[in-house]
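Everything on this sheet refers to the single structure shown next.
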Protein chains: 2
Amino acid sequence: MKQSEPDPRAPEAKGSHEPDTSDASEKPTSDRENEQNRNESKQPPPAALPGAEADLYWREVRKGALPGERYVRIVRPQAGKLRRIERGRFQATERTLVGRSWLSRFWSRVRRILIGRPLTTADLPHERLSKTKALAVFASDALSSSAYATDEILLALLAAGTMALQWTLPVAMAIVMLVAIVVTSYRQTIRAYPHGGGSYMVTRDNLGTIPSLFAASSLLVGYVLTVAVSISSGVANFTSAVPDLFEYRVQIALAFIAVITLVNLRGVRESGTIFAAPTYVFILAVLSMLVVGGWRLMAGVPPAEDVRSPVIEGSEALSLLLLMRAFSSGCAALTGTEAVADGVPAFKPPEWKNARTTLTIMAVTLSVLFVGISFLAVGFGVVPQEDETVVSQVARASFGDSVPYYIVQSATMLILVLAANTAFADFPRLSFFLARDHFMPHQFQLRGDRLAFSTGITALAVLAGLLVLGFRADTHALIPLYAVGVFISFTFSQASMVRRWWKSREPSWRRNMLVNGIGAFTTGVVTLVVAVTKFQSGAWITLVILPTFILLLLGINRHYRRVNAALSLGPSDRLLEEPYKPHVIVPLQGLHRGTIYALNYARSISPDVVAVTVTDSAEEGEALRRDWGRIAGEVPLVILESPYRTLVGPLLAYIDAAQARHPDTPLTIVLPEFVPRHWWEFFLHNQTALRLKATLFFRPNTAVVDVPFHLPE
Amino acid sequence: MKQSEPDPRAPEAKGSHEPDTSDASEKPTSDRENEQNRNESKQPPPAALPGAEADLYWREVRKGALPGERYVRIVRPQAGKLRRIERGRFQATERTLVGRSWLSRFWSRVRRILIGRPLTTADLPHERLSKTKALAVFASDALSSSAYATDEILLALLAAGTMALQWTLPVAMAIVMLVAIVVTSYRQTIRAYPHGGGSYMVTRDNLGTIPSLFAASSLLVGYVLTVAVSISSGVANFTSAVPDLFEYRVQIALAFIAVITLVNLRGVRESGTIFAAPTYVFILAVLSMLVVGGWRLMAGVPPAEDVRSPVIEGSEALSLLLLMRAFSSGCAALTGTEAVADGVPAFKPPEWKNARTTLTIMAVTLSVLFVGISFLAVGFGVVPQEDETVVSQVARASFGDSVPYYIVQSATMLILVLAANTAFADFPRLSFFLARDHFMPHQFQLRGDRLAFSTGITALAVLAGLLVLGFRADTHALIPLYAVGVFISFTFSQASMVRRWWKSREPSWRRNMLVNGIGAFTTGVVTLVVAVTKFQSGAWITLVILPTFILLLLGINRHYRRVNAALSLGPSDRLLEEPYKPHVIVPLQGLHRGTIYALNYARSISPDVVAVTVTDSAEEGEALRRDWGRIAGEVPLVILESPYRTLVGPLLAYIDAAQARHPDTPLTIVLPEFVPRHWWEFFLHNQTALRLKATLFFRPNTAVVDVPFHLPE
């Protein structure tokens, strides 16, 4: 058949020809074919016909006249009649998404309003990010940490009184050193894993399953906390500027989470652009604040507003332990640093180079902002307040109650919300990887209507929401749970790199191993310090959750492996040559159109049919037997007297007995069911069939056939 | 075969021979046979064997050597093997009641503890009551009304101040007149309906469906209110004696309802005996109180405690309307009067005579107690208090704070609880009749484990509990809802009798019609008076509920009639001679043991099998097709590409298309299902099959086969 000649039997046939090198049904799928398939399916599907049944399109692949030429034809059936449906390939149209019951139609309407119209798999975006956009996308999490890290240091030091706050800057400098070490280490990870160097994958490749699950669990816990902490801190910065709303902070935080969840379920297509603005506004706003505030302090110009707190006597002495606690608290500044390494493939080529540069820029920016805010905080003599963040106090001291102050607060709030949004991309992606490796439920692999990983997004939203509720949206209370998980994943990631260099012995492996070794050692030590100093104030929760969670992942994996072993086919497995005949049991109560329909059906699937009736009076049974001969004499009838008036028990006993007599063939239970026209009418009928189905479902070697009889209109 | 020779194949066979005049399989069931069947099933079933499968006994009916002789043999199978199971009669043992899952085993354990071990239908008691017991059983409801009727009259009159309370006795006397009229009228109903003259049946026979539903609905509403009012008043009499518990009255009332419900679910076998004691103690206690109190008033001996209330100025003038309101309130005394007429068959023969005598004795007793209490209340100058009943005040004035006082209070509380218990017999029985006539859901016909009508009992408990909650167990607030329903059913019942005499023209029909005519007219007028005077204070609720409820009953009836019409067989309806072959569709994802099992099954029930796979990537579909040929080449494979990643929609579209191609045979969908070993493992698998089943259930002409594949141990 020539390519341009339309099929006379399918008048609306539409040909789209593409040369092809492979035979569709024989050769294994090549990369090129994949590419073509993608191109093919990227064509918008032909618009649906007005007729009622244009739900499926016939999809035909034929060889062309030239060798290797292939046509794909999408045939729209006329008036809903498909030419041949017993074999072949069809493509479903968007119409098949519309539910049939009013409830499911209503639900898809609601979903469409909330998250938008469904997208095909071919719509999956493949956006590559420039360095400018990438910095915005990947850095918001890390940069936003500077909004709360200083608070944490000050709060820890305050235990020894306001005098101890002088130690803020040294502690901040130590943390900047740590940032430098971690980032240097990660730069090597990026080089080594240009396809994405998330801690889970890197650890799995180099250290094996259990360590990788440790890394993955710490990350998952970390992502949940990223959302809870960032949103709580964002709301705190908002209520610092609008103190009247302070008492509604939990509700506001939950509302933020709900909005971010919906946005992510919609799927963020223009993510780069959306992210760019607030991130750069935040950087610029805080930098201006640092300049103005720094100028006031250096030049001795008095602050725009006096935010200096009165002298507070500490409850404990300044000690090394206290300094370590302050350091641990400040380590919250490092959260989010791993994001760039995870996302290398999203960069424009050369991916790894651009990613490395971005990471370095991010680290420098983070250090400047963090140290700057800490410097001003000490200079202005601010102390963390329950109802006002340090950034807010510093901004007030620098700008007074003016427009720039509100810009700083808005930008801070926005970047914190964006940081939470980052977790909404990371958590579902990591869940996807874990589900693909059979460590998490497979549902985490599914893409929703809008191609987002809906299950992961929903799970994250629920968990973070519970944290916010449980900790009353209090950043200080959440932070101790946070850092320990993040540092565990840092440590595993760096240690994996050390192992990798040791095995690979690539050029300059010694130097690389040293760099990652320093990283692993440092982060390991910090993990210990954080775990010990923050144990009582919350780190223990994380340290309890992690092993529990790993056991859960292992249990899930064990289940999937066992199922897989039980289901997988051997090389000689195939269908039976000669099918058996099933033994069919039809439980029924009385003879009527519904049971006649079911008996006819039962006899159509097997000659070996027995009808069983359960009755609580002998007379009823005899009355049925009298009618039976005339109407259904071909089928033997068994009467079960049930003196206790129960139906299910005696029936199961009979099925057991029948099974004992037919141990080799699957028993088949044909259930005549009556389908009323309205849902409420179900209450007027005994739901025996439903209970029977629920019980029989768990019975091995038993097939259950629902034969619903519909009330004619 | 001789009767005494045991079957050699069934070593534990046990013969029980009974002469029989009918052939079991041919002749219609005679009364005599019914009687025999009942005797038969009254034998205790043979004890269950220790073996695991002694759940069914073989039940054999054979003709004997003499004409008309018949043997029934109950054969206990050895080691659980039934000789022949494809045809015949079996009897289920108690073992079949035991659930299979731990949850249902646990639930039957709980039920057994709460309501006792299950009873067979043959255990149904047929107790006949002597007049003494019958008075106790049927009169408790009516007599207990005297415990709150006086309160209501006093409360109504109090609106015109304490001076108006003098009118209490005249109002009470008017109500006693009314009692006399109603009872005289009912005496004729008892004579005419010796098999039970409940308002519903009597009205249905004489006035037709709609009036009978009015009567039935009023009665049902009345029974619910009997429980709520009696329990509330019982608790009020209890807390009158123990004032500390006043604030817990709602909880106490609910606890009483719960206990009565459990007792009734257990089934009250010894009802007569249980009832006798408190009823007679109540009568005696109140009579003694009347004697002692009367003596104090007559002889001028001061009351044991002064309960006279201070003079209260009324808020309105004494008027005819006020007196009518007081009369309406006092009509609560008549509630429960119809019980004897409902229960005629429970009396010893001659039933109707004994019932009439009992009714008269009851009416006299009620009148004495009611007038007596009212007389003492006026004499002692008591006024109803929120936290103390009139009976309690009168008893205190008569006896002081002594043992007799507590006896009166306990007896009053007990008889009120028994009155509630009466409704727990009446409501389920009337529901049973309505369900039998297809006006209420058929579930109300079912007897529970202990032969009680569990559905009716539970429904009554829930409704009465809600009333008690809603009205805070306040008798005064509930009474206005009560009387109107009761009087509607009185009126319909008497009017039916008038119609009956008119039609029958039996001897002395004129006199009888006059008696019932006076009854109908009087109760009709009282109904109007109650409805008007109590409209605002609550009767409107009943007047709104009644028509709504009748519409509901009619809707239910319409449904059942339509179903019956749709299901009933014509004279020529029988099974198809030549069964069709169903067209079978097997939706599957991938080839594995589970799908192979399902495909084998599908091919065993029909040669016409198509496998359908839904995939969101063309490659996956092609990969499946490559393996298909080797493993399942006999079955054609259809690939549905679903660019929106949904499974159910495209599958339904395909099923629609297949249906269009095979419009005559029922489609069969074979669903391979994977059954994990633990319930929580369900969360690790997509429940597509479940969603598909739920959708297909409502699709006409479509049978769904569950083929569960169980994970091997």
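A short reminder: the numbers here are calculations on the coordinates, not readings from a lab. What you are looking at is a predicted structure, and each value in this text was computed from that prediction instead of being measured. Heads up, the Cβs are rebuilt from the backbone with ideal geometry, glycines too, and the neighbour counts pull from every protein chain shown.
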- [ ] Round to the nearest 0.05 the FRET efficiency obtained for residue B:682 and residue B:364 when R0 = 56 Å and r is the Cβ-Cβ distance.
- [x] 0.25
Open item on the list: Per 0.36 nm of contour for each residue apart, how much would the distance between residue A:65 and residue A:589 grow if the chain were fully extended, relative to their Cα-Cα spacing?
Closed with: 182.2 nm
TODO: Post the alpha-carbon centroid distance, the stretch A:313-345 to the stretch A:99-120, in whole angstrom.
DONE: 45
- [ ] Please order B:556, A:415 by the number of other Cβ within 10 Å, starting at the fewest.
- [x] B:556, A:415
Task: Estimated vicinal HN-Hα couplings, Hz - the stretch B:466-475 in sequence order (Karplus 6.51, -1.76, 1.60; Gly, Pro = x) - done: 5, 4, 4, 4, x, 9, 6, 6, 9, 4
Open item on the list: Assume the label is 7 Å from Cα along Cα to beta carbon: what separations in nm does residue A:664 have to the matching positions in the other copies?
Closed with: 3.5
- [ ] Mind sorting B:155, B:514, B:430, B:591 by how few other Cβ atoms lie within 10 Å of their own Cβ, fewest first?
- [x] B:514, B:155, B:591, B:430
TODO: Arrange B:133, B:693 by Cβ neighbour counts within 10 Å, fewest through most, would you?
DONE: B:693, B:133
TODO: Shortest first and in nm with one decimal, please list how far the residue B:124 label point sits from its counterparts in the other copies (point 7 Å along Cα→Cβ).
DONE: 6.7
- [ ] State, as an integer percentage, the relative contact order of chain A based on alpha-carbon contacts under 8 Å between residues 6 or more apart.
- [x] 16
TODO: With 27 Å as the limit, write out which pairs from A:131/A:503; A:581/A:693; B:131/B:503; B:133/B:503; B:133/B:534; B:348/B:503 have Cα-Cα distances beyond it, or answer none.
DONE: A:131/A:503; B:131/B:503; B:133/B:503; B:133/B:534; B:348/B:503
Open item on the list: Just to verify a number: FRET efficiency for residue A:244 and residue B:566, C-beta to C-beta distance, R0 = 41 Å, to 0.05?
Closed with: 0.05
TODO: Mind giving me the FRET efficiency for residue B:514 and residue B:701? R0 is 56 Å, r the Cβ-Cβ distance, nearest 0.05 is fine.
DONE: 0.35
Open item on the list: Report the Cα centroid-to-centroid distance between the stretch B:431-466 and the stretch A:361-402 in angstrom, as an integer.
Closed with: 72
Open item on the list: Contact order normalised by length for the stretch B:141-257, with contacts defined as Cα pairs under 8 Å and 6 or more residues apart; what percent is it?
Closed with: 15
TODO: Please report which chain B residue places its beta carbon nearest the axis carrying chain B onto chain A, with the distance rounded to a whole angstrom.
DONE: B:605, 2
Open item on the list: Residues of the stretch B:217-242 with the amide nitrogen closer than 20 Å to a label point 7 Å from the Cα of residue B:401, along Cα-to-Cβ, please.
Closed with: B:236-242
Task: Inter-label distance for residue B:581 and residue A:386, nm, one decimal - labels placed 7 Å from Cα along Cα-to-Cβ - done: 8.0
Open item on the list: Please state the shape class of the stretch B:248-402: rounded when a/c is under 1.5, otherwise prolate if a/b exceeds b/c and oblate if not, all from the C-alpha gyration tensor.
Closed with: prolate
Task: For the protein assembly as shown, share of DSSP beta bridges that run antiparallel, in % to the nearest 5 - done: 40
- [ ] Report the relative contact order of the stretch A:505-655, percent, no decimals, based on alpha-carbon pairs under 8 angstrom and at least 6 residues apart.
- [x] 16
Open item on the list: Amide H of residue B:119 versus every other amide H placed in the peptide plane: which residues, excluding those fewer than 5 positions away on the same chain, fall under 5 Å?
Closed with: B:450, B:451
Task: Lys, Arg +1 and Asp, Glu -1 on Cβ, resulting dipole of the protein assembly as shown about Cα centre, debye, nearest 20 - done: 2720
Task: Expected 222 nm ellipticity per residue - DSSP helices of 4 or more, -39500 (n - 2.57), all of chain B, to 500 - done: -19500 deg cm²/dmol
Task: Calculated label separations, residue A:445, copies of the chain, 7 Å along the beta-carbon direction, nm - done: 5.2
- [ ] Just tell me how shielded B:433-445 is by partners: mean number of partner chain Cβ atoms within 10 Å of each residue's Cβ, no decimals.
- [x] 1
- [ ] Report, to two decimal places, the Cα Rg of chain B normalised by 2.2 N^0.38 Å (N = number of residues).
- [x] 1.26
Open item on the list: Using +1 at the C-beta of Lys and Arg and -1 at the C-beta of Asp and Glu, which of A:604, A:660, A:635 has the Cα lying farthest in the positive direction of the dipole of the stretch A:583-710?
Closed with: A:604
Task: Label point at residue A:132 placed 7 Å out along Cα→Cβ; residues across the stretch A:322-354 whose backbone nitrogen lies under 18 Å - done: A:347-350, A:354
